[in-house]
Amino acid sequence: MPSPIQYDEKELFRQIAEGNEAAFRAIFDGYRERLFTFAWQLCHSAVDAEEIVQDIFLKLWEQRDKLVEVSFPRKYIYIMTRNRTLDLLGKIARNEQMIKEVWVQMSQSDNLTENLLQAEESRKLIQQAVAQLSEKKQTIFLLSRDQGLSHQEIADQMNLSVQTVKNIVTEILKHVQAFLAQHSELLAILFWIETCSLLF
């Protein structure tokens, strides 16, 4: 016998369109893990896959009035996820191209990166960004960036899995980069260049 979510997906979509939160929860519970796996297979990033899934369900709810027109809910959800993932990968590619262009400009002055990152204002901004994180994330950032410990060494010291440490480091760097971008896009790019080695 098919599960309720397989059998009643069109009905659940109709109910969601009417604002039924229980129906939305049923779709969420039925698809969250599957969409995460699907997105992860495309982008190979647990953090990005989680963000994609959150975006998909947010959009489903915000545009729920359109769901009554959907004939194949499962296909609709997977296409949304695929498109959102491709958009993200395209954005990453554009950012990488921008980074390459900045790197070419920077190569004309060997000290530019170091000077910017060592500037008092830059250090203060990074400190402010890190201060917004949980104590565990602050500790991992200091162990990784300041003490130069590997993911394995941090995992051993904090009794975490290596994959958990990798995911947390990625989240931290994205947070700091976003914080810096609010003040200077160039600083955010330079920070990403200087810390990308921490991701591996």
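Here are the numbers:
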item: Ranked order, HIS44, HIS151, HIS175 - accessible area, probe 1.4 Å, largest first; result: HIS44, HIS175, HIS151
item: Accessible area of ARG14 in the full protein assembly, 1.4 Å probe (Å², nearest 10); result: 90 Å²
item: Area of LYS59 that stays accessible when all protein chains are in place (1.4 Å probe, Å², to 10); result: 90 Å²
item: When each of LYS59/LYS174; LYS91/LYS137; LYS91/LYS124; LYS59/LYS137; LYS75/LYS136 is checked by Cα-Cα distance, pairs over 32 Å; result: LYS75/LYS136
item: Spin-label pair HIS175/GLN63, simplified geometry with 7 Å Cα→Cβ offset, distance in nm; result: 3.1 nm
item: Label zone at HIS44, where the point sits 7 Å out along the Cα-to-Cβ direction: the range 147-162 residues whose backbone N lies under 20 Å; result: 151-152, 162
item: Heavy-atom accessible area order for TYR76, TYR31, largest first, 1.4 Å probe; result: TYR76, TYR31
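The values are calculated or read from the model by the stated rules, or taken from the named source; none is laboratory data. Worth saying up front: this structure is predicted, and the values here are computed from it rather than measured. Quick reminder, even Gly has a Cβ in these numbers, built from the backbone with ideal geometry, and neighbours come from all protein chains shown. Side chains are part of the model used for accessible areas, which takes the heavy atoms of the whole protein and leaves out ligands, DNA and RNA. Shrake-Rupley method; radii C 1.70, N 1.55, O 1.52, S 1.80 Å.
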